[in-house]
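Report on the following structure.
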Amino acid sequence: MDVYYHDLFTFPLPPKHRFPIQKYKLLRQRLVGEGIISEKDLHIPEPASDDQLMMVHTRGYLQKIKQGELTKKEVRRMGFPWSLDLVERSRRSVGSTIAACRSALKDKIAVSLAGGTHHAYPDHGQGFCVFNDVAVAVKVVQREKRADRILVVDCDVHQGNGTAAIFKGEPRVFTLSIHGAKNFPFHKEHSDLDIPLPDGTEDEGYLEALEKGFSEAIKRFSADLVIYLAGADPHQGDRLGRLSLTKDGLARRDKLVLGRCRQEGLPVAVVMSGGYGEDVHDTIDIHFQTVKFAAEMVRNFDE
């Protein structure tokens, strides 16, 4: 199974900004250390180009990001202090999602150990999201005629507002978002299918709602590719989550989504999306089991 990552996992950040970033390097180390993936499975793709980014983002926004010309308000909304390393890291995250989509269309499943930056809009960043990697990847594979109709299954605990806004009224993209009803972002966009859940939702309620919603999406939309945002933040120990799923419940979520994709013959690109555990190792456990199950599916394909 092809697994994509970038090697800019950490860069100088104030302590309060580090928790969304530190998980990535630790996750890769654990996946290799426990033999879930090998070094030969790991690939560092090209960072997203200006041309690719401007398939979604405005020229003005890209220029402001590249030159560090954001206002203080725009920096606060983005959630990270601006730096050249942040820009480069964000390009590489988008490049990883593009590569994972291309690989999934060839080999049925692929993973990016980053991505899921679904709060970014064409003209601004938001909520730890600089560029919208999923939206750019959708546009790229469509332009390359690798896939035409893409289903985005967003299981981050926060609504994929940027993605929903970007693809509003686009018949070739279907956006499904299952998220906390009262959580960030406080102004929700309209996905093609939104599944808002009350605070404290536990495993069974979540899984029942997701299974019903995913089945409805598949019935309503014939897809060439699924992009799965496998957020760790619905976990009960997540500092930004407000839902109450266990690690077992999240493993069952992964099996539900990935298993249904296999059943339907749908290629799937998996991106990690959010995860902000009080203990970073809880977040890593959840992402680890997502990639582990994806790898097991590939081995089953090969047998």
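Structure notes:
- The peptide list 284-296, 63-75, 196-208, put in order of mean Cβ contacts within 10 Å with the highest first, becomes 284-296, 196-208, 63-75.
- Partners of LYS106 within straight-line reach, counting lysines whose Cα lies under 23 Å from its Cα and excluding those fewer than 8 residues away in the same chain: LYS40, LYS139, LYS145, LYS255, LYS292.
- Length gained when the stretch ARG76-GLN22 is fully extended (0.36 nm per residue, less Cα-Cα span): 17.4 nm
- Overall form of the chain per C-alpha gyration tensor (a/c, 1.5; a/b vs b/c): rounded
- For the range 151-162, 3J(HN,Hα) computed residue by residue from phi via the Karplus equation (6.51, -1.76, 1.60; θ = phi - 60°) reads 9, 9, 10, 9, 10, 5, 6, 9, 4, x, 5, x Hz, glycine and proline entered as x.
- Accessible solvent surface per residue of the range 191-250, calculated while the other protein chains remain in place, 1.4 angstrom probe, Å²: 42
- Bridgeable aspartates and glutamates around LYS73 (alpha carbons under 16 Å apart, same-chain partners fewer than 8 residues away excluded): ASP123.
- Peptides 248-258, 77-87, 135-145 ordered by average Cβ neighbours within 10 Å, highest first: 135-145, 248-258, 77-87
- Over all other residues within a Cβ to Cβ distance under 13 Å of SER222, the charged ones net out to +1, with Lys and Arg as +1 and Asp and Glu as -1.
- Positive-end extreme of charge dipole, the range 32-77 - chosen from THR71, THR58, GLY35 (charges on Cβ): THR71
- Accessible area of the range 148-279 belonging to carbon and sulfur atoms, whole % at 1.4 Å probe: 47
- Solvent-accessible area per residue for the range 71-154 (1.4 angstrom probe, square angstrom): 34
- Gain on full stretching of the segment that runs from LYS66 to GLU216 - 0.36 nm per residue minus C-alpha separation: 49.9 nm
- Prolate/oblate/rounded label for the range 54-165 (Cα gyration tensor, a/c 1.5): prolate
- Segment ARG59..LYS40, full-extension length gain: 3.2 nm, with 0.36 nm per residue of separation and the alpha-carbon distance subtracted.
- Those residues of the range 235-264 whose amide nitrogen sits under 15 Å from the label point placed on GLU204, 7 Å along Cα→Cβ: 245-246, 249
- Per residue, the range 254-295 exposes an accessible area of 31 Å² to a 1.4 Å probe, with every protein chain left in place.
- Considering only HIS124, HIS187, HIS57, the Gaussian network model of the chain with Cα springs below 10 Å gives its largest mean-square fluctuation to HIS187.
- Using the Cβ-Cβ distance between GLU264 and LYS106 with R0 set to 22 Å, the FRET efficiency works out to roughly 0.80.
- Each peptide in 267-273, 39-45 receives the mean, over its residues, of other Cβ atoms within 10 Å, and ordering these scores from highest gives 267-273, 39-45.
- Rough spin-label spacing in nm, given labels placed 7 Å along Cα→Cβ, for LYS255 and SER83: 4.1
- Backbone amide hydrogens, once placed in the peptide plane, bring ILE195 within less than 5 Å of SER177, ILE178, HIS179, excluding anything fewer than 5 places away on its chain.
The values are calculated or read from the model by the stated rules, or taken from the named source; none is laboratory data. What you see is a predicted model; the values in this text were computed from it and never measured. When we count neighbours, we look across all protein chains shown, and the Cβ atoms used for this are built from the backbone with ideal geometry, even at glycine. Accessible surface is based on the protein model in full, side chains and every heavy atom, while ligands, DNA and RNA are left aside. Shrake-Rupley method; radii C 1.70, N 1.55, O 1.52, S 1.80 Å.
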